[in-house]
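Following: one structure in structure tokens, then a few remarks.
The values are calculated or read from the model by the stated rules, or taken from the named source; none is laboratory data. A quick note: this is a predicted structure, and the numbers were derived from the prediction, not measured. Backbone-built Cβ (ideal geometry, glycine too); neighbour counts: all protein chains shown. We work out accessible area using only protein heavy atoms, side chains counted, and drop any ligands, DNA or RNA first. Shrake-Rupley method; radii C 1.70, N 1.55, O 1.52, S 1.80 Å.
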Amino acid sequence: LPRFSGMGENADVIDVWTPQSEVDESIVKYWRNRYSLFSRFDEGIAMDREGWFSATPETISRYHAERCACDLVIDGFAGVGGNTIQLAFTCERVIAIDMDPRKLDLLMHNARIYGVADRIECLLQDFCTFLRNNHVAADVIFLSPPWGGPSYLSQGSVSLHELPPENWATLLRRALEVTPNVCLFAPRNINTEELTRVRPGEH
């Protein structure tokens, strides 16, 4: 597998956003709820701007992890590590995939704070490319793809075919070809009828 070594434990690219470092009310709202995202935030949790929008609240990510408990889980859109860290508490091994090397640095920095970095292997790659090029016998695949920002709330029913980074139906089909155990964290207004029609191997 194409492994990601990162910048090391003392990487100087890691920083923490605070209200004093940038005037952006859309981020301040999330910063005020920082302890719901990471209960150990004050121990040095590091985030980039996108991480504030995309990190899963810890209570929810802990629930995901309990449902996904297994030997090997793949987190296809790992980000700054909200879900990955909790998965590492309930799974023997976590493969964390992301296309952004900075996010993987932040993830491992945050995982060390929670004491689970030794259970996580980071891969710098696109999730779909990873599935095409690797044959991994994963027990569970966890997917929390980007939803396109808070603007999704203003929409009615969100189609699988309209969400970034690409057609979610394709993502699900490819994941289901690896394992029937796929956990998808989706917007509350996702088109559930489309979800029920997704089957492996139907491209």
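A few points about this structure:
- In the stretch 83-114, residue most open to solvent (accessible area, probe 1.4 Å) [restricted to those that are outside any strand (DSSP E or B) and among the charged types (D, E, K, R)]: E92
- Selection count where residues are open to solvent by less than 40 Å² (accessible area, probe 1.4 Å), among the hydrophobic types (A, V, I, L, M, F, W, C) and at pLDDT 70 or above, scope the stretch 145-172: 6
- Residue selection: F77 fails the criterion of being assigned to a helix (DSSP H, G or I), in contact (Cβ under 8 Å) with a residue 40 or more places away in the chain, open to solvent by 20 Å² or more (accessible area, probe 1.4 Å) and under 16 Å from A186 (Cα atoms).
- When we screen Y63, Y30 for residues that are out of contact with any Lys or Arg (no Cβ under 8 Å at 6 or more places or on another chain), aromatic (F, W, Y), modelled with pLDDT of 85 or more and farther than 17 Å from H109 by Cα, the only hit is Y63.
- Residues (assigned to a loop (DSSP other than H, G, I, E, B) and surrounded by fewer than 22 Cβ atoms within 10 Å (Cβ to Cβ)) located in the stretch 36-45: S39, R40, G44
- Taken over the stretch 115-144, residues that are of a type in the set (A, V, I, L, M, F, W, C) and open to solvent by 40 Å² or more (accessible area, probe 1.4 Å) amount to 2.
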